[in-house]
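J.: Before I ask anything, let me first share the structure, which is written out below as structure tokens.
No lab work stands behind these numbers, since they all come straight from the coordinates. Predicted model only: the values in this text are computed from it and were never measured. When we count neighbours, we look across all protein chains shown, and the Cβ atoms used for this are built from the backbone with ideal geometry, even at glycine.
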Amino acid sequence: MELRHGLVFVEPCYYLRPILESTSTIIDCGLGCDANFSQALISRFGVTAIGVDPTHRHRRPLEEFESRSAGHFVFMPFAIGAEAGRSVFLESEANESGSLYNDHANIRRDPIVQYEVEVMTLRQVLGQARDRRVDLLKLDVEGAEYGVLDATPDDVIEAIPQIVIEFHHKVVDRWHHRDTKRLVRRLRALGYLVHSRDLSNYLFFRPAPWR
């Protein structure tokens, strides 16, 4: 599939179809401290990236990246979830990834700090693109991907040509591989082709160019 559809690898664990361009907007949810996925796609394709991450420790380096990105990176210090509002975010003091869930492996074993964050739905996050076309969505949100997708109607998902997701059934106790398989089946039924090497990191993409 990688050769047949021309998929390319993006560090550390992502695949995508390299048909983005300078007019493309991507939504990058779950950035880490350096937004490396956004940085890679900005550098390679000249996209505009809207980055979403609620972690307090990440905020300063992400704001600094935004300020030097010449408008290519827009930082939103929110969490993405199934429902809009406020929620407690649990930040690991030992690992880069925190979570909205207290049964995440990092939260169970690490020293943590916790604080309230603003939560936006996927529909709301997509709305931040305004009149720009969103050509790719990445979800690496430490277990929140299940609730986000379950709460998002088919027509909202179908409008996104490529979706990159890291599923966390191995990391968050409440989620199991059957939950991942259920969502993979749903996205297949919506017409996406599916690529994964490890059954945790997935690319969902349309079989033909969308232009």
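J.: Under a 5 Å amide H to amide H cut-off, with H placed in plane at 1.01 Å, what residues pair with Phe75 once short-range neighbours are removed?
T.: Gly51
J.: Fewest first, what order do Ser92, Ser69 take by the number of other Cβ atoms within 10 Å?
T.: With the fewest neighbours first, Ser92, Ser69 line up as Ser69, Ser92.
J.: Using a simple charge model, +1 on the beta-carbon of Lys and Arg, -1 on the beta-carbon of Asp and Glu, nothing else, what dipole does the chain show about its Cα centre, in debye to the nearest 20?
T.: 760 debye
J.: While we're on this one: Mark the label point 7 Å from the Cα of Ala159 along Cα→Cβ and return the residues of the stretch 110-138 whose backbone N is within less than 12 Å of it.
T.: 122-135
J.: Okay, moving on. Rounded to the nearest 5, what % of the DSSP beta bridges within the chain are antiparallel ones?
T.: Counting only bridges with both partners in the chain, antiparallel ones make up about 50 percent.
J.: Among Glu66, Glu93, rank each residue by its count of other Cβ atoms within 10 Å, from fewest to most, as a rough exposure measure.
T.: Listing Glu66, Glu93 from fewest to most nearby Cβ atoms yields Glu93, Glu66.
J.: For Leu137, list long-range residues whose amide hydrogen, built 1.01 Å from N in the peptide plane, is under 5 Å from its own amide hydrogen.
T.: Correct list: Ile27, Gln162, Ile163, Val164.
J.: Let me ask you something else. Between the stretch 58-81 and the stretch 87-151, what is the separation of their alpha carbon centroids in Å?
T.: Spelled out, the Cα-based centre of one part sits 15 Å from the other.
J.: Now for a different question. From the C-alpha coordinates alone, can you work out the Kirkwood hydrodynamic radius of the chain, in Å?
T.: Roughly 17.3 Å, rounded to one decimal.
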